[in-house]
1. Dipole of the chain, Cα-centred, from +1 at each Lys and Arg C-beta and -1 at each Asp and Glu C-beta, to the nearest 20 debye?
2. Putting +1 on Lys and Arg Cβ atoms and -1 on Asp and Glu Cβ atoms, find which of Ala175, Leu87, His64 reaches farthest to the positive end of the dipole of the chain.
3. Angle check, please: helix 83-100 long axis (alpha carbons) against the longest principal axis of the chain (alpha carbons), in degrees 0 to 90, nearest 10.
4. Assigning unit charges at the beta carbon (Lys, Arg +1; Asp, Glu -1) and nothing else, what dipole magnitude in debye, to the nearest 20, does the range 77-171 show about its Cα centre?
5. Taking the convex hull of the Cα atoms, report for the range 36-109 its projected area averaged over all directions, in nm².
6. Heavy atoms only, probe 1.4 Å: what % of the accessible area of the chain goes to carbon and sulfur, would you let me know?
7. For the chain, report the accessible area per residue in Å² (1.4 Å probe, heavy atoms, rounded to an integer).
8. What does the convex hull of the Cα atoms of the range 68-128 come to per residue, in Å³, rounded to a whole number?
Amino acid sequence: MGRRRERLEATRQRIAEAAFELHATVGPAQTSISAVAERAGVQRHTVYHHFPDLTSLFRACTEHGMLVTRTPEAAPWRSIEDPTVRLRHALGELYAYYRANARLLGNVVRDMPLLGDASGSEAFLDRMSELFAALAESWPGETGTQRLRMVAIGHAMSYETWRSLADKGLSDAEATDLMLHLVTSVGELHQARPTG
């Protein structure tokens, strides 16, 4: 009984790995059950035995991907008390993660609107929400400033923001400095705006 369970788990893992490899090369929208089965060395019915639909397969793929790519976690960021120091550290880590996984993340970001609720990316989106919450803590300022600052932090965290800055030739350190300046200068910007 134990060996059979181990074999089943190994097959399930192989299928999730195959889906992850396809997401990294062609993207989720081009990843079919047939392609996953072929890459995993199993029959289509074996894939369906473990994953009744693409969404459940993509969920397993996302969880596998988050482990192997070492998606950043919020707890270490939260241990840094100063929000500016925390943001600098976090953006440095996040941008290095984006650079190391640029092709995969580019494919996923491109295809998510096509897949909608079927993307199976809930775990990744939840992680990004946790990271945002960690970076949003402890900033001083009144409500208007905070609203703008939260938008700036979300913008700084975005893969598309990093991609745009990297495509324009900025290093990760330069991109971090620029986005840090944007977030920390929000208070000055808000105070300088005319009222009325």
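The values are calculated or read from the model by the stated rules, or taken from the named source; none is laboratory data. What you see is a predicted model; the values in this text were computed from it and never measured. Reconstructed Cβ throughout: ideal geometry from the backbone, glycine too, with neighbour counts over all protein chains shown. All accessible areas refer to the heavy atoms of the entire protein, side chains included, with ligands and DNA or RNA removed. Shrake-Rupley method; radii C 1.70, N 1.55, O 1.52, S 1.80 Å.
1. Roughly 620 debye for the chain.
2. Selected residue: His64.
3. It works out to around 40 degrees.
4. On the way: 11 positive and 12 negative charges, 76 e Å.
For the range 77-171, the charge dipole is close to 360 debye.
5. Values: hull surface 25.1 nm².
With the hull built on Cα positions only, its mean projection is 6.3 nm².
6. 54 percent
7. That works out to 56 Å² per residue.
8. On the way: hull volume 5.7 nm³, N = 61.
Considering the Cα atoms of the range 68-128, their hull volume per residue is 94 Å³.
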